[in-house]
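Here's the structure, in structure tokens; my notes come after.
Just so you know, all these numbers are worked out from the coordinates, no wet-lab data involved. What you see is a predicted model; the values in this text were computed from it and never measured. Here the Cβ positions follow ideal geometry from the backbone for every residue, glycine too, while neighbour counts run over all protein chains shown.
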């Protein structure tokens with residue numbers, strides 16, 4: 001069941017034209033998709049927690065991580081020496097996280113955290 | 001002047017047929033994989049992957065039907081260190097059998113992915129060619145999504161448990177990034193994982209020695225799907241223990257202001 005949703009999302013992610021169609025007319029593209037109503041609703045919501053539930057990587061009850069391999073692959077390094085080197089050279093100096101602009105929708109500045117906070121709160125009940 | 005080759009690079013002296021390439025798939029499904037990463041996956045004779053959602057697994061399988069997951073190595077109650085060791089052993093076993101192997105991990109395999117390092121080290125120690133390809137990390141996404149640039153801010157990052165365990169010293173006038181805040185002291189994995197409030201209180205107390213209770217911090221999660229937005233939640237530091245913090249959540253702490261400047265260095269800017 002989740003394979004169909006996964007395939008739908010991979011198609012979107014891999015095909016810029018298809019993504020453009022989705023962004024312009026999500027209902028139109030979803031009408032052609034072989035997905036359940038719940039899956040379509042999750043896609044339309046564009047809510048990462050809701051999509052994770054639809055994909056089966058988190059539980060419906062609290063929106064938390066259920067898939068043991070999912071969520072994070074970074075290792076806790078207790079007792080180990082990590083070979084991570086940071087060596088970036090950066091050229092611009094901006095340090096304000098208040099004016100975050102949506103990078104995908106271009107919806108303009110929004111107050112960082114307000115919307116996700118509401119979303120997450122409602123999922124975790 | 002003679003340039004010294006890094007030890008790791010010097011150890012690439014393949015004497016056996018099998019080989020290993022470790023790649024990172026990036027965070028956002030399909031869109032953050034580099035051309036090099038895609039080519040490595042497509043050309044491999046055997047692909048192993050540890051990814052965070054089924055869609056990413058479908059994407060890898062489309063690139064190479066020989067792809068098999070490593071997620072079954074992670075089981076509840078099993079030490080994660082052992083799980084990672086099992087993963088790397090499985091990867092290197094395929095290399096030993098003479099195959100061109102590609103191991104795909106979430107994000108940038110070069111950043112805090114223990115099984116990736118273990119597999120590379122083991123393969124090289126046994127005389128196989130093994131290399132790592134850089135990918136897009138959650139940290140890369142964080143800088144872009146929060147629109148913060150470490151120049152002028154500085155930039156320190158620690159794995160959160162390591163930060164507490166080693167009592168890491170840091171400069172609060174530079175930005176601080178703590179990874180895996182939702183996994184403080186978790187030796188294994190379990191369903192429904194989230195940060196334990198009592199451990200988050202310990203972390204908050206450690207941070208409170210350097211920041212005020214009202215210092216604004218950011219809980220951040222990069223978008224895994226291209227139709228989603230990243231999760232960015234700004235809270236006062238004191239509220240951290242009350243938050244539900246997921247394994248993939250990163251804590252970004254903006255720097256405290258500083259006015260310290262070295263006058264001698266400052267003068268360099270006006271010298272001819």
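Any chance you could give the angle, 0 to 90 degrees and rounded to 10, that helix B:114-125 forms with the longest Cα principal axis of chain B?
50
Using the number of other C-beta atoms within 10 angstrom as an exposure proxy, rank B:245, B:232, B:35, B:177 with the fewest first.
Sorted ascending by nearby Cβ count, the order is B:35, B:177, B:232, B:245.
Quickly estimate the mean residue ellipticity at 222 nm for chain B, helices only: each DSSP H run with n ≥ 4 gives -39500 (n - 2.57), and the total goes over all residues, rounded to 500.
-9000 deg cm²/dmol
What FRET efficiency, computed as 1/(1 + (r/R0)^6) with R0 = 45 Å and r the Cβ-Cβ distance, is obtained for residue B:167 and residue A:17, rounded to the nearest 0.05?
0.30
Taking the inverse of the average 1/r across all pairs of different Cα atoms in region B:56-114, what Kirkwood radius in Å do you get?
12.7
May I ask for log10 I(q)/I(0) of chain B at q = 0.11 Å⁻¹, from a Debye sum over the Cα atoms as equal point scatterers with solvent left out?
Each listed q corresponds, in turn, to -0.72.
Among B:126, A:32, which comes first, second and so on when ranked by fewest other beta-carbon atoms within 10 Å?
A:32, B:126
Strictly greater than 21 Å: what percent of every Cα pair in region B:205-272 meets that?
Cα-Cα pairs in region B:205-272 separated by more than 21 Å: 47 percent.
Compute the helix-to-body angle for B:80-96: its Cα long axis versus the longest principal axis of chain B, expressed 0 to 90° and rounded to tens.
30
Mind checking the angle between helix B:197-208 and chain B's longest principal axis? C-alpha axes, 0 to 90 degrees, to the nearest 10.
It is inclined by approximately 60 degrees.
For chain B, calculate the relative contact order in percent as a whole number, restricting contacts to Cα pairs under 8 Å that are 6 or more residues apart.
Reported as a whole number, the value is 21 percent.
Order of B:179, B:268 from fewest to most other C-beta atoms within 10 Å?
B:268, B:179
I'd like the distance between the alpha-carbon centres of region B:205-270 and region B:12-53, rounded to an integer number of Å.
Going from one Cα centre to the other spans 32 Å.
How long are the semi-axes of the ellipsoid equivalent to region B:57-179, from square roots of 5 times the Cα gyration tensor eigenvalues, in whole Å, largest first?
31, 18, 15
Using a 10 Å cut-off around each Cβ of peptide B:218-224, what is the average number of partner chain Cβ atoms that fall inside?
Other-chain Cβ atoms within 10 Å of each residue's Cβ, averaged: 4.
Among rounded, prolate and oblate, which fits region B:109-208 when a ≥ b ≥ c are the square roots of the eigenvalues of its C-alpha gyration tensor, a/c under 1.5 means rounded, and a/b larger than b/c means prolate?
oblate
Please list the three semi-axes, largest first and in whole Å, of the ellipsoid equivalent to region B:80-148, using sqrt of 5 times the eigenvalues of its alpha carbon gyration tensor.
27, 13, 9
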